[in-house]
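The block underneath contains the structure these notes are about, expressed in structure tokens.
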Amino acid sequence: MTTADRLTGPAPAPGAQSPAERAAGSTVRKRPRPARSGRRRRRAVALLYLLPALLPYTLFAVLPLLHTAYLSLFDWDGVTLPSFVGLDNYGRIVTDPQLRAAAWHAGALILFFSVLPICLGLVSAAIVSRRAGRRGTTLVRTVLFLPQVIPLVAVGILWRWVYAEDGTLNQALRAIGLGGLTDAWLGSFTWALPAVGLIGSWVVSGLCMVLFLSGTQRIDPEIYEAARMDGAGPVREFMAITVPLLRPEFAVALSITVIAALSSFDLIYITTGGGPGNSTVVPGILIYRLAFGGGAVGVASALAIVLTVVISLAVLVINRLSREAP
Amino acid sequence: MTSPTSTTRAVTGRLAAPFVLALFMAAVLVPFASLLLAALQPAGAPLTGFALPDGLHFENFSRAWSAAGFGTLLRSSVVIALCVVPAAVVCATLAGYALATLDVPGRGRLYAYLLLGLSIPTEGTIIPLYYDLRAIGLTNTVPGLALAEIAAFMPFGVFWMRAHFSTMPRSLMEAARLDGASSWATLWRILLPNSRPAVTTLGVLYFVWSWNQFLLPLILIQDPARRTAPAGLGFFTGQFGVDVPLLAAATLIVIAPVVLVYLFFQRHFISGVLSGALKG
């Protein structure tokens, strides 16, 4: 907070949540103010500022979501008259093996999109932050963020070429004498899902590392000094200081990557399209197939609603956990 | 540092950091290098992963640009981004300003309502968006896609601009009010000139998200002549999956604008993503 803030007295803290805002409101009320109509006019004007954001958001995001919920109660092929079926579409999500497979795959993708990159990012950030100089940090950050910037479709094409039968990976395997292990990775029932998952790891690992690296710079070096005085080794230091103090970064990394894993579509669409067989179908792919080719708009809508609810719950839980005092 | 073991440990400790960094950077750059080399190979030649081409065959790029139509696709993407980015930045700025500094009735509830959108995936809205926009004739049009993107990007923008305006010194706004400035004048003359970094970051993020958006244009734009570049790339992959040099060149053309914007504004982009931006 700047000196100017302190001088003005009971102004709310920057970025404070609603309690502070309510407190600010009461201080405003204590002051002598113009007639009531003036305040009402000001409040009306304030709403006008919000309108350009609220209008498109409500019309093209919130109402469509509600409409999806409505459609999920019908059996509809997209052309003929829809017929009301109640919650039957949700029942199908639990029983249909294809839909259950999609849920499993989304769960497996969390392993590759969240768990693996966060572990990798944490450990490497801990190692890197121990070096003295910070030369070349900008270059490192620029390169590590590159996968975040390019469209996932392009990422998919990049990796199709890496995984292709004559691609980079098989070439590397042959070069080190492991030619027997080569495979058509994205066409294999065993390997397609891990192969696609590792593309996700590639996209977010750099982000996680840079995120944790910026977090470690916030930690007071004196804490490490004290730990070293007490004879803590690098591993103890990592587990007892670095990991707990990186809680806020942890929450950001987890929400970004879990959302990316659960709502993944672009990457799968371009690399495997859900195949071979159904070995890489995820909810996004099924929603696309069912609604825009399969003539099962109702089931697709139910799946979309379940997906939205699961993502919202996940974000809620992650934020709760991060806000609890360590 | 007397025993030899502790010296070795110190040396490995000092080498570990550059080693880890080099490993990470190589992991990012090798697939790019592999694709770049593929794009320079003669068309239709049998390819293996990482091979130097015999000469530089830039004709793949001109083939992708004209024959495969990526020049047109790029232009559609530019048009969409030019509609979405300024409009979304203005809407988010106005709303963020009101929520941070003005006396908005039901402020907390309105803000929560907007933040809800942060966890709505595109899959949750795409089905009715298609049927409803088609019913009012907005599929296959620039406004239809642009409005859908603006709506999807709005929650983060409002969150971002509100956070920014609440960190600005209150005294600045008090002084403006005492001078008799309206809320509009306070925003335009006093706050915005001091908000260049926050607005630039939001603009850069919006550009990247708009450019990279795939599911919305894939569904909302069915007319091949009006597709955006990534959606075009998606269809192209299905059609010409085997002509690797052409596909590689097309991919590089599609990612070039977004990579250039990123390299130019990388500090802004990284700070935006690190503070919790969710990839659109």
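Residues being away from every other protein chain (no Cβ under 11 Å), over 22 Å from the mean Cα position of the chain (by Cα) and part of a helix (DSSP H, G or I) are entirely absent from segment A:307-324. Regarding segment B:222-233, can at least one residue be identified that is of a type in the set (Val, Ile, Thr) and assigned to a helix (DSSP H, G or I)? No, segment B:222-233 contains no residue that is of a type in the set (Val, Ile, Thr) and assigned to a helix (DSSP H, G or I). Looking at A:Gly177, is it surrounded by 17 or more Cβ atoms within 10 Å (Cβ to Cβ) and more than 26 Å from B:Val204 (Cα to Cα)? Spelling it out, it is not the case that A:Gly177 is surrounded by 17 or more Cβ atoms within 10 Å (Cβ to Cβ) and more than 26 Å from B:Val204 (Cα to Cα).
Residue count for segment B:209-228, restricted to those that are of a type in the set (A, V, I, L, M, F, W, C) and closer than 14 Å to A:Val155 by Cβ: 2.
Going through segment B:62-105 one residue at a time, which ones are more than 8 Å from chain A (Cβ to nearest Cβ), over 17 Å from B:Val204 (Cβ atoms) and touching a Leu at 6+ places or on another chain (Cβ under 9 Å)? Answer for segment B:62-105, where residues must be more than 8 Å from chain A (Cβ to nearest Cβ), over 17 Å from B:Val204 (Cβ atoms) and touching a Leu at 6+ places or on another chain (Cβ under 9 Å): B:Arg63, B:Ala64, B:Trp65, B:Ala67, B:Ala68, B:Phe70, B:Leu73, B:Thr101. The lone criterion from (1) assigned to a helix (DSSP H, G or I); (2) of a type in the set (Gly, Ala, Ser); (3) surrounded by fewer than 24 Cβ atoms within 10 Å (Cβ to Cβ) left unmet by A:Ala300 is number (3).
Answer yes or no as to whether B:Ser34 is at pLDDT 70 or above, within 26 Å of the chain's Cα centre (by Cα), surrounded by 11 or more Cβ atoms within 10 Å (Cβ to Cβ) and more than 10 Å from every other protein chain (Cβ to nearest Cβ). Please lay out each step first, then the result.
Numbers: at pLDDT 70 or above: yes; within 26 Å of the chain's Cα centre (by Cα): yes; surrounded by 11 or more Cβ atoms within 10 Å (Cβ to Cβ): yes; more than 10 Å from every other protein chain (Cβ to nearest Cβ): no.
Criteria not met by B:Ser34.
Can you find a residue in segment A:296-308 that is without any contact (Cβ under 8 Å) to a residue 12 or more places away in the chain and at negative phi? Please lay out each step first, then the result.
Quick first cut of segment A:296-308, residues without any contact (Cβ under 8 Å) to a residue 12 or more places away in the chain only: none.
Within segment A:296-308, not a single residue is without any contact (Cβ under 8 Å) to a residue 12 or more places away in the chain and at negative phi.
Take the residues in segment B:169-207 that are at the interface with chain A (Cβ under 9 Å from one of its Cβ atoms) and in contact (Cβ under 8 Å) with a residue 60 or more places away in the chain; name whichever of them is nearest to the chain's Cα centre (by Cα). Among residues in segment B:169-207 that are at the interface with chain A (Cβ under 9 Å from one of its Cβ atoms) and in contact (Cβ under 8 Å) with a residue 60 or more places away in the chain, the one nearest to the chain's Cα centre (by Cα) is B:Leu187.
Checked against (1) closer than 30 Å to B:Trp160 by Cα; (2) at pLDDT 90 or above, B:Leu29 passes all but condition (1). Condition (residue is under 23 Å from the mean Cα position of the chain (by Cα) and surrounded by fewer than 17 Cβ atoms within 10 Å (Cβ to Cβ)) applied to segment A:255-270: is it met by at least one residue? Within segment A:255-270 (the criterion being under 23 Å from the mean Cα position of the chain (by Cα) and surrounded by fewer than 17 Cβ atoms within 10 Å (Cβ to Cβ)), the answer is no, since none of the residues qualifies. The condition (being more than 7 Å from chain A (Cβ to nearest Cβ), buried (at least 22 other Cβ atoms within 10 Å of the Cβ) and out of contact with any Gly (no Cβ under 8 Å at 6 or more places or on another chain)) is satisfied by just one residue among B:Pro257, B:Pro217: B:Pro217. Is it the case that some residue within segment A:224-232 is more than 7 Å from chain B (Cβ to nearest Cβ) and within 30 Å of A:Thr272 (Cβ to Cβ)? No: segment A:224-232 contains no residue that is more than 7 Å from chain B (Cβ to nearest Cβ) and within 30 Å of A:Thr272 (Cβ to Cβ).
If you go through segment A:281-301 one residue at a time, do you hit one that is of a type in the set (D, E, K, R) and more than 16 Å from A:Pro97 (Cα to Cα)? Checking segment A:281-301: not a single residue is of a type in the set (D, E, K, R) and more than 16 Å from A:Pro97 (Cα to Cα). Looking across segment A:69-117, the residues that are surrounded by 12 or more Cβ atoms within 10 Å (Cβ to Cβ), small (Gly, Ala, Ser) and not in a helix (DSSP H, G or I) come down to A:Ser72, A:Gly78.
Residues in segment B:139-157 that are within 28 Å of A:Ser72 (Cβ to Cβ), in contact (Cβ under 8 Å) with a residue 40 or more places away in the chain and crowded, with 17+ Cβ neighbours inside 10 Å: B:Thr139, B:Gly144, B:Leu145, B:Ala146, B:Ala148, B:Glu149, B:Ile150, B:Ala152, B:Phe153, B:Met154, B:Pro155, B:Phe156. Could you please give the count of residues in segment A:286-297 that are modelled with pLDDT of 90 or more and more than 10 Å from chain B (Cβ to nearest Cβ)? Qualifying residue count for the region: 2.
Report, by residue number, each residue of segment A:190-205 that is within 9 Å of another protein chain (Cβ to nearest Cβ) and either farther than 13 Å from A:Ile256 by Cα or among the basic types (Lys, Arg) (or both). Within segment A:190-205, A:Trp202 is the sole residue that qualifies.
If you check B:Ala87, B:Ala33, B:Ala38 for being under 30 Å from B:Ala152 (Cα atoms), in contact (Cβ under 8 Å) with a residue 12 or more places away in the chain and of a type outside the set (Lys, Arg), only one passes: B:Ala87. Condition check for A:Arg42 on (1) more than 13 Å from A:Ala300 (Cα to Cα); (2) in contact (Cβ under 8 Å) with a residue 60 or more places away in the chain; (3) surrounded by 15 or more Cβ atoms within 10 Å (Cβ to Cβ): one failure, at (2).
Could you count how many residues in segment A:50-101 are of a type outside the set (Asp, Glu), more than 12 Å from chain B (Cβ to nearest Cβ) and in contact (Cβ under 8 Å) with a residue 24 or more places away in the chain?
Filtering segment A:50-101 down to residues of a type outside the set (Asp, Glu) leaves A:50-74, A:76, A:78-87, A:89-95, A:97-101.
From what is left, the residues that are more than 12 Å from chain B (Cβ to nearest Cβ) are A:73, A:80-81, A:83-87, A:89-95, A:97-101.
From the residues that got through so far, the ones that are in contact (Cβ under 8 Å) with a residue 24 or more places away in the chain too are A:73, A:85, A:89-90, A:92-93, A:98-99, A:101.
Total meeting the criteria: 9.
Are any residues in segment B:145-163 small (Gly, Ala, Ser) and either under 14 Å from B:Leu118 (Cβ atoms) or at pLDDT below 95 (or both), and if so, which ones? Result: B:Ala151, B:Ala152, B:Gly157, B:Ala163.
The values are calculated or read from the model by the stated rules, or taken from the named source; none is laboratory data. Since we're looking at a predicted model, the values are computed, not measured. Heads up, the Cβs are rebuilt from the backbone with ideal geometry, glycines too, and the neighbour counts pull from every protein chain shown.
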